[in-house]
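Data block below; observations after.
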Amino acid sequence: MQRFQCYIDGEFGDGEARFESIDPATGRAWAEMPEAREADVDRAVEAAHKALYAGAWPKLTATQRGKLLYKLADLVTANAQKLAELETRDTGKIIRETSAQIAYVADYYRYYAGIADKIEGAHLPIDKPDMDVWLRREPIGVVAMVVPWNSQLFLSAVKIGPALAAGCTMVVKASEDGPAPLLEFAGLVHEADFPAGVVNVITGFGPSCGAALSRHPKVDHIAFTGGPETARHVVRNSAENLASTSLELGGKSPFIVFADADLESAANAQVAGIFAATGQSCVAGSRLVVERGVKDRFLEILKAKAEAVRLGSPLDMATEVGPLATRRQREHIEALIARSLAAGAKVVTGASAPEGDGFYYRPTILDCDGGRSPALEEEFFGPVLSVASFENEAEALAIANDTRYGLAAGLFTRDLTRAHRLMKGIRAGIVWVNTYRAVSPIAPFGGFGLSGHGREGGMAAVLDYTRTKTVWLRTSDDPIPDPFVMR
Ligand code: NAD
């Protein structure tokens, strides 16, 4: 069995305990992971704290930080295939997607490498003649980064990249499900020559590792991606250290199709939105909201596409849908489908697991038209599409916004003015018009409502990893006048 280690203070080592990682394609253990508990977490945070204030890191210029990030990006490019294979093995995400995604992860590091020396402060036009006042942008401090199991290299790059550009130090907690690629990535941080303690990578379980990390007194900011329930724990933990938080949570994103849309193209986007990554994507377009007049035709196209999907080994380049990441995830999907069927949903296709090993589940479409259904409200985080229909634009918008989440939305129409109206009316952090699931380091990403707050990607993300310091400098040589009057 392959063994992985934690990376703390520039050194690789075993955690306080170990646990086995399961290959979702077979359901059998394939690797041993280090389990960090409270003492490891403490060492990692202390190392990050020390590296923030002493040693080489705080002395580097922003340009030098950027150069280290470029080096890291090149190492990610050079090792993309290996990282992709590890992610596929440990999470079941298909190799077709992990190879493309990890090659792109390198571009995220490049983007933030370029930004490192463009984080500018300000000189204020202060209302006092004998004062010069500046705003400096300084690193927010020690950042705890907690990520879920899907796309760990991607979800950590959107945190590590801007945090390093801003000059922060960090402890990255890989998910206990599928941590292999992130633990391997730590080796690239080491090779890139970041000073010890700047980036620490650990893994472990939520209550023992994640909780200890998010309430640690020396953590200044928590960047969390995961589900809303866990986010509540994290926010409660932050009451201990009063760290600021950014939360990237789940979604129940509407995918709105009008009758005038190119239905074939919209169907391909819908397949990308719900079956790609086996639906284990926070931005999954999991609620199809389709104009009634074309509902049957659109479902016919979609059903044919869903049934033609190649389910198979995630390591095979021809596979389109691999297994779910964990047995628990499949059980959650089965239970939510059962509740939805009991509430009146009808199976258009799927809703069953194929025979054999591994945590596979067939691409599924549930028609939930005409009533409330758990399938339209709760996140499956799997390849399950729930369908509702509308008569007019107002109804489409009402259904789209009938959710406590607000991460993403897809809008398919050829009517430009309608697209503009709806794009403004939809309550979500990302609206894709006539496309779906497009991302870029240049474009901010994040949600409204239960989907969280804070933005990843773009310049805004870097500023979230800084805090301002106001510096007052008196330019007069005269003695300070009346000390009892505020100046
Ligand atoms: P999760 O919330 O169960 O776990 C996420 C992380 O939190 C894991 O590393 C886990 O160990 C840790 N954790 C668990 N309990 C904790 C605690 N008490 N204190 C601190 N940390 C704790 O999420 P998951 O099931 O691994 O992932 C699926 C969820 O993530 C879905 O809801 C999905 O939509 C969401 N997600 C969101 C985005 C986004 O960018 N918005 C991206 C991917 C996934």
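The values are calculated or read from the model by the stated rules, or taken from the named source; none is laboratory data. Since we're looking at a predicted model, the values are computed, not measured. For neighbour counting, all protein chains shown are included, and Cβ atoms are generated from backbone atoms with ideal geometry for every residue, glycine included.
Kindly indicate whether Asp132 is over 22 Å from Ala443 (Cα atoms), assigned to a helix (DSSP H, G or I), among the charged types (D, E, K, R) and in contact with a strand residue (DSSP E or B) (Cβ under 9 Å, 6 or more places away or on another chain).
Judged against the criteria, Asp132 is not a match.
Would you check which residues across the range 209-230 are in contact with a Gly (Cβ under 7 Å, 6 or more places away or on another chain) and more than 22 Å from Phe19 (Cβ to Cβ) and list them?
Asp220, His221, Pro228 - these are the residues of the range 209-230 that are in contact with a Gly (Cβ under 7 Å, 6 or more places away or on another chain) and more than 22 Å from Phe19 (Cβ to Cβ).
Criterion first (among the hydrophobic types (A, V, I, L, M, F, W, C), over 30 Å from Pro479 (Cβ atoms), in contact with a Gly (Cβ under 6 Å, 6 or more places away or on another chain) and modelled with pLDDT of 95 or more) does Ala62 satisfy it?
Against the criterion (among the hydrophobic types (A, V, I, L, M, F, W, C), over 30 Å from Pro479 (Cβ atoms), in contact with a Gly (Cβ under 6 Å, 6 or more places away or on another chain) and modelled with pLDDT of 95 or more), Ala62 does not qualify.
Out of the residues in the range 439-487 that are crowded, with 19+ Cβ neighbours inside 10 Å and part of a strand (DSSP E or B), which is farthest from the ligand (Cβ to nearest atom)?
Top of the filtered list is Thr466.
Have a look at Ala243, Ala266, Ala261 and point out the one that is surrounded by 23 or more Cβ atoms within 10 Å (Cβ to Cβ), of a type outside the set (Val, Ile, Thr) and more than 16 Å from the ligand (Cβ to nearest atom).
On inspection, the qualifying residue turns out to be Ala266.
Can you pull out the residues in the range 15-35 that are among the β-branched types (Val, Ile, Thr) and either over 11 Å from Asp90 (Cβ atoms) or at pLDDT below 95 (or both)?
Thr26
Can you tell which of Tyr70, Tyr104 is more than 24 Å from Gly210 (Cα to Cα), surrounded by fewer than 24 Cβ atoms within 10 Å (Cβ to Cβ) and within 16 Å of the ligand (Cβ to nearest atom)?
After ruling out the rest, the residue left standing is Tyr104.
Can you confirm whether Val294 is without any contact (Cβ under 8 Å) to a residue 60 or more places away in the chain, more than 23 Å from Ala351 (Cβ to Cβ) and crowded, with 18+ Cβ neighbours inside 10 Å?
yes
Residues that are of a type in the set (A, V, I, L, M), within 16 Å of the ligand (Cβ to nearest atom), farther than 22 Å from Gly312 by Cβ and assigned to a helix (DSSP H, G or I): does the range 340-358 have at least one?
Scanning the range 340-358, I find no residue that is of a type in the set (A, V, I, L, M), within 16 Å of the ligand (Cβ to nearest atom), farther than 22 Å from Gly312 by Cβ and assigned to a helix (DSSP H, G or I), so the answer is no.
Answer with yes or no whether Val235 is out of contact with any Asp or Glu (no Cβ under 6 Å at 6 or more places or on another chain), within 14 Å of the ligand (Cβ to nearest atom), at pLDDT 95 or above and hydrophobic (A, V, I, L, M, F, W, C).
Yes, satisfied.
In the set Glu240, Glu248, Glu307, Glu300, which member is more than 20 Å from the chain's Cα centre (by Cα), among the charged types (D, E, K, R) and within 29 Å of Met145 (Cβ to Cβ)?
The match here is Glu240.
I'm trying to understand the selection: among the residues of the range 138-166, which are farther than 14 Å from Ile102 by Cα, of a type outside the set (Gly, Ala, Ser) and out of contact with any Cys (no Cβ under 8 Å at 6 or more places or on another chain)?
Glu138, Met145, Val146, Val147, Pro148, Trp149, Lys159, Ile160, Pro162, Leu164, listed by residue number.
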